[in-house]
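These notes concern the structure reproduced below.
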Amino acid sequence: MPDQNQITEKESIEIITSMIQKAKGSYHETGIGPILWGAVVSFASFVSFLQMKYGFSIGFDVWLLVLFAIIPQIMISVREKRSGGVKKYEDDALDTVWLVFGISLFCLIVYRNAIPSVTTRLIADEGWQMMKHYTDGSKPDEPLTPFVPSFYSIYIMLYAFPTLVTGLVKKYKPMTYGALLSYCLFVISCFTTSWNDMLLGAIAAMVCWLIPGILLRRKYLAQKNANVNV
């Protein structure tokens with residue numbers, strides 16, 4: 001009986017340790033999620049900034065890359081559920097927050113791309129057209145494509161939402177501070193030109209996700225190596 005009790009205690013400790021390690025291996029605590037979003041969004045924002053400032057096109061909407069950020073997030077969430085690993089309730093909630101964020105961001109991209117052409121067609125059906133008129137008469141009037149002024153400010157504000165939730169729930173200060181800074185960048189973007197908004201968005205993506213994600217990844221790998229060496 002003493003030997004049996006000793007084995008049971010040892011197995012219990014191993015089971016508890018295994019549960020803790022599995023819980024630590026979540027999509028957010030490993031740094032994969034923040035790095036993924038930070039890399040994709042900062043790249044898309046910076047490319048958009050360059051296109052608007054220097055007047056060139058890469059031939060496709062770079063923001064469609066966001067779709068490729070949603071797909072691996074869904075795949076990782078499904079894989080974790082199928083593996084039967086132990087996850088904390090807060091991790092499931094955060095997975096949902098980030099998934100909803102990704103879908104919302106993709107919907108905004110569709111909105112931004114669809115509305116100008118749809119609006120142009122609708123007003124053309126009514127027999128009128130938007131025109132750019134120079135008040136000083138220096139240039140003739142030009143047709144104007146409908147657009148949403150400073151629309152990227154909405155993106156910057158949206159970036160802070162899942163970041164602040166994750167930072168507060170996980171008590172991870174780099175994300176919390178990054179989200180607060182993103183809100184400040186949102187306010188600034190309301191008073192800047194559209195191409196400057198893109199640059200502010202790239203900065204927001206880096207401080208919200210990319211930098212915290214890299215720090216989190218380094219911490220996770222260090223803990224993982226320490227556990228292996230023990």
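Extension gain for Leu180-Trp195 works out to 3.2 nm (0.36 nm per residue, less the C-alpha to C-alpha distance). Here Asp136 sits with roughly 120 square angstrom of accessible surface, probe radius 1.4 Å. Heavy-atom accessible area, probed at 1.4 angstrom with all protein chains present, ranks Arg218, Arg121 as Arg218, Arg121, highest first.
When Lys and Arg each count +1 and Asp and Glu each count -1, what net charge do the other residues less than 13 Å away from Asn225, Cβ to Cβ, add up to? If you can, show how the numbers build up before the last one.
Numbers: positive: Arg217, Arg218, Lys219, Lys224; negative: none.
Within the 13 Å Cβ shell, the charges total +4.
Applying 0.36 nm per residue to the separation of Phe147 and Tyr54 and subtracting their alpha-carbon distance, the gain on full extension is 31.5 nm.
The values are calculated or read from the model by the stated rules, or taken from the named source; none is laboratory data. Owing to the predicted nature of the structure, the values given are computational and were not obtained by experimental measurement. All Cβ positions, even for glycine, are placed from backbone atoms using ideal geometry, and neighbour counts span all protein chains on display. Just so you know, the surface numbers come from the protein's heavy atoms only, side chains and all, with ligands and any DNA or RNA stripped out. Shrake-Rupley method; radii C 1.70, N 1.55, O 1.52, S 1.80 Å.
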